[in-house]
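Read the structure below first, then the notes.
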Amino acid sequence: MKNLLILLSVLCVLTASSCGKKEKLSEQINKQLDSITHSMATSPNAKQFERLTANINDFISKFPKDSLASKYLFEEARIYQSQGEYKSALTVLDRLLKDFPEAKECGMSVFMEGFIYANLLNDLTKAKEKYELYLSKYGNENEKMALDVKLELDNLGKSADEIFKQIQANADSLK
């Protein structure tokens, strides 16, 4: 009985310690995200971003089942995209989709991949693939987003001028 009480006490201490580490690391990541997000108008400090990605990877390795893991990966990808690091953003988004297939960020991640391929890397084949994946897998989650994706698909490869002329022609035909 005494051994059982000691074992339970040790387990409680370890659990409390683990929760404390999780909260501390999560708080640190959130502060870093806030700081980088506020400095995105300028360019975030490279060392600051390195510390953030290290902390995100540390969090994911220690708490792989936590819902914050996918959120942090999505934010990391968003920062990469804002810095023009599109390949890195895609790598992080792919990791999110592979490691957290049920996460609430998955739909937005697939859309973001499609957007990067279409509008930033001009890889229309990959963009179409990602947009179609979004519609088939996540299209029922958000009706407005699904309409945006359909619009993106309809206008893949068209210049802004071509899109404007098409809108104008559609408006004229309604008159």
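The values are calculated or read from the model by the stated rules, or taken from the named source; none is laboratory data. Keep in mind that this is a model prediction, so the values were computed, not measured. Neighbour counts are summed over all protein chains in view; Cβ atoms, including those assigned to glycine, are modelled from backbone coordinates with ideal geometry.
Quick look at the values:
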item: Where K128 falls short, out of the listed (1) crowded, with 18+ Cβ neighbours inside 10 Å; (2) at pLDDT 95 or above; result: (1)
item: Output for the range 103-123, where each listed residue is surrounded by fewer than 18 Cβ atoms within 10 Å (Cβ to Cβ) and farther than 15 Å from Y86 by Cα; result: K104
item: Top-ranked residue of the range 30-47 - restricted to ones that are loosely packed, with under 13 Cβ neighbours inside 10 Å and not in a loop (DSSP other than H, G, I, E, B), ranked as modelled with the lowest pLDDT; result: H38
item: Only listed residue being charged (D, E, K, R) and at pLDDT 90 or above, chosen from E27, E75, E50; result: E75
item: Selected residue [without any contact (Cβ under 8 Å) to a residue 12 or more places away in the chain and either polar (S, T, N, Q) or not in a helix (DSSP H, G or I) (or both)] from E162, E102, E141; result: E102
item: Inter-residue pairs, beta-carbon under 6 Å, first in contact (Cβ under 8 Å) with a residue 12 or more places away in the chain and in the range 116-137, second of a type in the set (D, E) and part of a helix (DSSP H, G or I), 6+ apart; result: K130/E113; Y131/E152
item: K98, sole failed condition from (1) farther than 30 Å from N57 by Cβ; (2) at pLDDT 95 or above; result: (1)
item: Filtered residue count, the range 125-175, keeping only those that are over 21 Å from the mean Cα position of the chain (by Cα) and among the basic types (K, R); result: 3
item: Unmet requirement for G84, which otherwise passes all of (1) touching a Cys at 6+ places or on another chain (Cβ under 9 Å); (2) not in a helix (DSSP H, G or I); result: (1)
item: Test result for L93, touching an Asp or Glu at 6+ places or on another chain (Cβ under 6 Å), aliphatic (A, V, I, L, M), under 30 Å from D66 (Cβ atoms) and free of Cβ contacts under 8 Å to residues at least 24 places away in the same chain; result: yes
